[in-house]
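Below is one structure; the comments refer to it alone.
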Amino acid sequence: MEFFIAIYTVFLFYVFVQLCKRFLGQKNDCCYMLNYECYKAPEDRKLDTESSTRIVLRNKNLGWEEYKFLLKTMVSSGIGEETYCPKNVIMAKEENPALIDSIEEMDDVFFDTLDNLFSKSGISPQEIDILVVNVSLLSSVPSLTARIINRYKMKSDIKAFNLSGMGCSASLIAIDLVRQEFKIHKKAFAIVVSTESFGANWYCGKDKSMMLSNCLFRSGGCSMLFTNNPDLKNRALFKLTSMVRTHFGSNDEAYECCIQVEDSQGYPGFRLTKKLTKAAAQAFIINLRVLLPKILPLWELIRYALVYHRWSKEKSPMLEGVGAGLNLKSRVDHFCIHPGGRAVIDGVGKSLGLSEHDLEPARMTLHRFGNTSAGGLWYVLGYMEAKKRLKKGDRVFMISFGAGFKCNNCVWQVMRDLEDANVWKDCIDKYPPETLANPFTEKYGWINDERLSFLRIEDILHFSSGSSGVKDVLSVH
């Protein structure tokens, strides 16, 4: 009896909330995305198998065990051969990066994406009221926002914000900041620029937990244009309908699972521990408990409550999933998952009971562009648009995770049919490929052969061009 009273109470609360939204909601409390522009680096910065090998072999701190670890990591990473690397790493300056390298890395992303954004939208830089830049691993003086303001000669009363240290989920934090500013500034334009400074943070040591970042993170970024002017909603691509931010930093394991540190030899880098997956799952659960009641229809919540009640009595193993028993597709059409790595994508897919069709945009983004940190979500969204999946009225569930540990999720409503090929225009027809197999196994699988453990670094350099020379050595020994 108490259970059904609880269901009835939920129903009354739901009706009350809906009435408040309808009659007390403010018209101007909205956030429309007018456009977004993802960055694609020049062809000479592509990180294929051969260039990756050259970079790895430059690190004189590595031995056979580290090479085996890197090979295993790259093969299972889900990353392809067309991702992009910072310029200073391509130029073999990763061990002694200069400040100018980091600044130039940011300028490339900032000005390329913003030039295209202003050109496509028809909005002048002088019309921008709010500017938010998120770069976790670089904080310069003058600020990064100041560089943009100076470049485009923006107005003097612009509200500028720099976010650092927020990790891969920083993009949604920046958008939430814009949303809060929109409550004060009516009919305003805002720009969010999301990218990361990897060049100066390339790890040159041999700690395996810190070597992972070199395998996963790649160059990229995105600039987005927003407004809260309802008169421009017909020009908008998306409307933000819900957002929930979760910070799990009070948990020690979660706080330490993604952290910038120096190793025992003094090499700085970014450590990713085995506790990351657990921290992400816990933060995700906390976030969904708040977000799902905001987006799912009442009948689905009641159905879930009944199913959960039955399963709890039976102690069913089905309760183990984050979204076990929930039909998210009753109110969500697309899932835009942070392409942080294959484990992240697989974990979210399993937790929410998603199909390979749902996971395809995140997997293909990881394969083509790698983990571009806070900018990654927009490459995933771009894939959906390039594949002409996004239709007017559809809802996109955006899921992000970041250091701290944070889980920030939101829902966008598609305002019109979208089909711009954007950053994917030169390769969208090739995706999804027949196989995501990584060529590292074919070319460098011989590293796992114990019979070659007698070789020196010079020997590796000699045989790294292919497996035929290695086979000759094996035939002798």
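Worth a mention:
- Residue check for Ile123: assigned to a loop (DSSP other than H, G, I, E, B), of a type in the set (A, V, I, L, M, F, W, C) and at pLDDT 95 or above: yes
- Residues of the stretch 46-69 satisfying the condition of being open to solvent by 20 Å² or more (accessible area, probe 1.4 Å) and under 18 Å from Met210 (Cβ atoms): Val56, Arg58, Asn59, Lys60, Asn61, Gly63, Glu65, Glu66, Lys68, Phe69
- Close pairs from the stretch 62-77: first within 18 Å of Gln265 (Cβ to Cβ), partner open to solvent by 50 Å² or more (accessible area, probe 1.4 Å) and outside any helix (DSSP H, G or I), Cβ under 8 Å, at least 6 apart: Leu62/Lys206; Gly63/Lys206; Glu66/Lys206
- Of the residues making up the stretch 173-191, those that are more than 22 Å from Asp108 (Cβ to Cβ) and in a helix (DSSP H, G or I) are Ile173, Ile175, Asp176, Leu177, Val178, Arg179, Gln180, Glu181, Phe182.
The rows are residues; the columns are (1) assigned to a helix (DSSP H, G or I); (2) of a type outside the set (S, T, N, Q); (3) under 23 Å from Asn88 (Cα atoms).
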position	(1), (2), (3)
Ile148	yes, yes, yes
Ser171	yes, no, no
Val193	no, yes, yes
Tyr203	no, yes, yes
Leu212	yes, yes, yes
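- Within the stretch 217-236, not a single residue is in a helix (DSSP H, G or I) and open to solvent by less than 10 Å² (accessible area, probe 1.4 Å).
- Within the stretch 33-53, residues that are part of a helix (DSSP H, G or I) sit with their Cβ atoms under 6 Å from residues that are among the polar types (S, T, N, Q), at 6+ positions apart or across chains, in these pairs: Thr53/Ser464.
- Scanning the stretch 277-287 for residues that are open to solvent by less than 10 Å² (accessible area, probe 1.4 Å) and in contact with a helix residue (DSSP H, G or I) (Cβ under 9 Å, 6 or more places away or on another chain) gives Ala279, Ala283, Phe284.
- Count of residues meeting criterion [over 11 Å from the mean Cα position of the chain (by Cα) and within 15 Å of Tyr36 (Cβ to Cβ)] in the stretch 362-380: 0
- Scanning the stretch 245-268 for residues that are outside any strand (DSSP E or B) and closer than 24 Å to Phe397 by Cα, we see that the one that is least open to solvent (accessible area, probe 1.4 Å) is Ala254.
- Remark: pairs (first residue in the stretch 342-357, over 13 Å from Phe397 (Cβ atoms); second residue open to solvent by 40 Å² or more (accessible area, probe 1.4 Å) and polar (S, T, N, Q); Cβ separation under 7 Å; 6+ apart in sequence or on different chains) = Arg342/Ser76; Ala343/Thr277; Gly347/Thr277.
The values are calculated or read from the model by the stated rules, or taken from the named source; none is laboratory data. Keep in mind that this is a model prediction, so the values were computed, not measured. Methodologically, a virtual Cβ is constructed for each residue, glycine included, from the backbone with ideal geometry; neighbour enumeration extends over all protein chains shown. Heads up: the accessible areas ignore ligands, DNA and RNA and are worked out on the full protein's heavy atoms, side chains in. Shrake-Rupley method; radii C 1.70, N 1.55, O 1.52, S 1.80 Å.
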